[in-house]
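These notes concern the structure reproduced below.
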Amino acid sequence: METPNNEEVQENLEFENRIDLSELQESVFKIKKELKKVIVGQKDMMDLLIVSLLADGHVLIEGVPGVAKTITAKLLARTIDVGFSRIQFTPDLMPSDILGTSVFNVKTSDFEFKKGPIFSSMILIDEINRAPAKTQAALFEVMEEKQITIDGQTFKMDEPFVVLATQNPIEQEGTYRLPEAQLDRFLFKINVAYPNADEELEILLKEQALENTTKASKIETVITGEKIVEFRNLVNQIKIEGNLLKYIANIVVNTRSNSFLYLGASPRASIAILGASKAFAAIEGRDFVTPEDIKRATIPVLEHRVIVTPEREMEGLTSKQIIVQIIEAVEIPR
């Protein structure tokens, strides 16, 4: 995306838009500019992470070790003036280790609740599939409800509340596979690929240029948490035509009747595509959704929500390939 200061673009937007998205665009531009100081390539991952912030969704980032999953999430949190917690999931991690626990206070002769690391605005969960089911379930309850109840007390999470989780697709020893119902809680699943040769070289050059500084020290805070909440309210006001709502519905319904899929997408997927499409439109400076916004949102929203039949999986067919086929088969509204 070009810098939002382009005068000609701004004049057109001021003429056409009913919602002023200039500040939102400027903030997105600043966040990307900061991330690019350290992160090489990974444009899709950056875009999807920013869209997830604007669409109020959680993200699952999957990729082999060393492709900048964790560092990108950490640096994104650094660009925003909010609380940040990093939790390393391990097989012996208990729910109280992330939620908190009641501790007896000798002075007051009463129990008081000590909050765990989940009480922050941006939570980075490293290797989410390494914790047992009980701990995973505790996390997903907070993700869905944005509150926890312990000893009869309810604690609400601060807004914005976003969980960025990573997992390694190749190392399965000592891991606990995330059930489909829990995967459905994530707005996006981002698959992070290896860099190409030019990007690999640029990574080495940037590493060499660091010398005695750290990557995080290069990143500046450019936006507040309050602004993120304000931008979310703007995104919710983005217009979408009735025929485009039908387009989303047709895509999702087709996943349920596709013979190559054992499990189709739920209505939550339709809502996720709607929200993500609005956010994509907003970062492009439009106050209305286009079919291209919907197409752009559909694959990362659906890829982890559908299951390929065993026969097709043995043939090497992936959920992404089937989703692309469905998108191509559904008629685009004119």
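The values are calculated or read from the model by the stated rules, or taken from the named source; none is laboratory data. This structure is a prediction, so every number in the text was calculated from the model and none was measured. All Cβ positions, glycine included, derive from the backbone under ideal geometry; neighbour counts span all protein chains shown. Ligands, DNA and RNA are excluded from the accessible area calculation, which covers all protein heavy atoms including side chains. Shrake-Rupley method; radii C 1.70, N 1.55, O 1.52, S 1.80 Å.
Can you confirm whether GLY316 is free of Cβ contacts under 8 Å to residues at least 40 places away in the same chain and on the phi > 0 side of the Ramachandran plot? Steps first, please.
Numbers: free of Cβ contacts under 8 Å to residues at least 40 places away in the same chain: yes; on the phi > 0 side of the Ramachandran plot: yes.
Against the criterion (free of Cβ contacts under 8 Å to residues at least 40 places away in the same chain and on the phi > 0 side of the Ramachandran plot), GLY316 qualifies.
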Give the residues of region 84-94 that are surrounded by fewer than 20 Cβ atoms within 10 Å (Cβ to Cβ) and not small (Gly, Ala, Ser), sorted by residue number.
-> PHE84, ARG86, GLN88, THR90, PRO91, ASP92, LEU93, MET94
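Each row is one residue, and each column tells you yes or no for (1) among the polar types (S, T, N, Q); (2) out of contact with any Ser or Thr (no Cβ under 9 Å at 6 or more places or on another chain).
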residue: ALA282; (1), (2): no, yes
residue: HIS304; (1), (2): no, no
residue: THR309; (1), (2): yes, no
residue: MET314; (1), (2): no, yes
residue: GLN321; (1), (2): yes, yes
residue: VAL330; (1), (2): no, yes
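Within region 78-111, restricting attention to residues that are over 31 Å from the mean Cα position of the chain (by Cα) and among the β-branched types (Val, Ile, Thr), which residue is nearest to ILE123 (Cα to Cα)?
If we filter region 78-111 for residues that are over 31 Å from the mean Cα position of the chain (by Cα), which is where we start, we get 102-111.
This time we only want the ones that are among the β-branched types (Val, Ile, Thr), so: 103, 106, 108.
Numbers: VAL103: 24, VAL106: 32, THR108: 32 Å.
This residue is VAL103.
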Given the conditions (1) in a helix (DSSP H, G or I); (2) modelled with pLDDT under 60; (3) open to solvent by 60 Å² or more (accessible area, probe 1.4 Å); (4) not acidic (Asp, Glu), every one holds for ASN5 apart from (1)
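Can you tell me which of ASP81, ASP97 is open to solvent by 20 Å² or more (accessible area, probe 1.4 Å), in contact with a Ser or Thr (Cβ under 8 Å, 6 or more places away or on another chain) and within 26 Å of ALA282 (Cα to Cα)?
ASP81
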What residue, among those in region 238-291 that are more than 22 Å from LEU48 (Cβ to Cβ), outside any helix (DSSP H, G or I) and hydroxyl-bearing (Ser, Thr, Tyr), is most open to solvent (accessible area, probe 1.4 Å)?
-> TYR262
Of the residues in region 207-235, how many are touching a helix residue (DSSP H, G or I) at 6+ places or on another chain (Cβ under 7 Å) and either closer than 30 Å to VAL306 by Cβ or part of a helix (DSSP H, G or I) (or both)?
-> 7
Residues within region 193-203 that are surrounded by 11 or more Cβ atoms within 10 Å (Cβ to Cβ) and in a helix (DSSP H, G or I), tallied = 5
Mind checking which residues of region 215-250 are under 20 Å from the mean Cα position of the chain (by Cα), polar (S, T, N, Q) and modelled with pLDDT of 90 or more?
-> ASN233, ASN236
